[in-house]
1. Using every pair of alpha-carbon atoms in the range 39-195, split the distances into 5 Å bins beginning at 0 and state the percent of pairs per bin, rounded to integers.
2. Just tell me which lysines come within less than 17 Å, Cα to Cα, of K74; anything on the same chain fewer than 8 places away is out.
3. From the phi angles alone, apply the Karplus equation (6.51, -1.76, 1.60; θ = phi - 60°) to the range 170-184 and give each ³J(HN,Hα) in whole Hz, x where the residue is Gly or Pro.
4. Find the percent of Cα-Cα distances in the range 128-195 that exceed 21 Å, and round it to a whole number.
5. As an exercise, find the ratio Rg/Rh for the range 69-128 from alpha-carbon atoms, using the Kirkwood inverse-distance average for Rh.
6. Pop the C-beta distance of D64 and A119 into the FRET formula with R0 = 41 Å and round what comes out to the nearest 0.05.
7. Please list, in chain and number order, the residues 5+ apart from V50 or on another chain whose amide H is under 5 Å from its amide H, with Hs placed from the backbone.
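FYI, it's all coordinate maths here, none of it is from the lab. In this text the structure is predicted, and so the values were computed from the model without any measurement. Here the Cβ positions follow ideal geometry from the backbone for every residue, glycine too, while neighbour counts run over all protein chains shown.
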Amino acid sequence: RWGAWVFAALFGVTAVTVAADPRSRHHNVRHHRSDPVADSYEPAAASIVVDANSGKVIQAAHADSPRHPASLTKMMTLFLTFKGLEAGKLKLDQRFAVSAHAAAQAPSKLDLKPGDSVALKDLIFAIITHSANDGAVVLAENIADSEPAFVERMNREALALGMTHTHFANPNGLPNPDNVSTARDLAILALALYR
């Protein structure tokens, strides 16, 4: 049921415009420095449309061209969170502590303060509806004890799903040259969330 829920929030956008130039996807562009890799994308955009029932590719343009996934990175953060819920390792009313590192993340954010605690359910909603970068780091640090340990899980899961051209560097998609994916790989992740 989690996959269907997040599908309604994310999949329609993901299936059509996976991995377009990430600068066009941020409402708070002023908070991000120019990205020389994104500035040199050739071609400028990539897309893929996949039938959610069969997995058949209906249309693709430069679907294997590397891109920074920006906030679509949060799909993997949510995927791992939903796996934890399904396995009974996490509970929706469980409260997660906010670290100074999580609170310091750039916008979009919830403006959480170090020492706050937030229910898992509220973090999920905040990430889906507000693209909360601080919320994504709170999830990562509390689920795996540290952000780097969570990122390792993200990369292991990506390989297990067949996302062979993806490497995650953080749980929220804030600019990092090592955070790379493709339209095809992100469509694989979107289908996994849906299913």
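1. 2, 9, 18, 22, 19, 14, 9, 5, 2, 0
2. K83, K109, K121
3. 7, x, 10, x, 4, x, 7, x, 8, 8, 9, 8, 9, 4, 5
4. In whole percent, the long-distance tail amounts to 23.
5. Details: Rg = 11.9 Å, Rh = 12.3 Å.
Radius of gyration relative to Kirkwood radius: 0.97.
6. 0.55
7. I58
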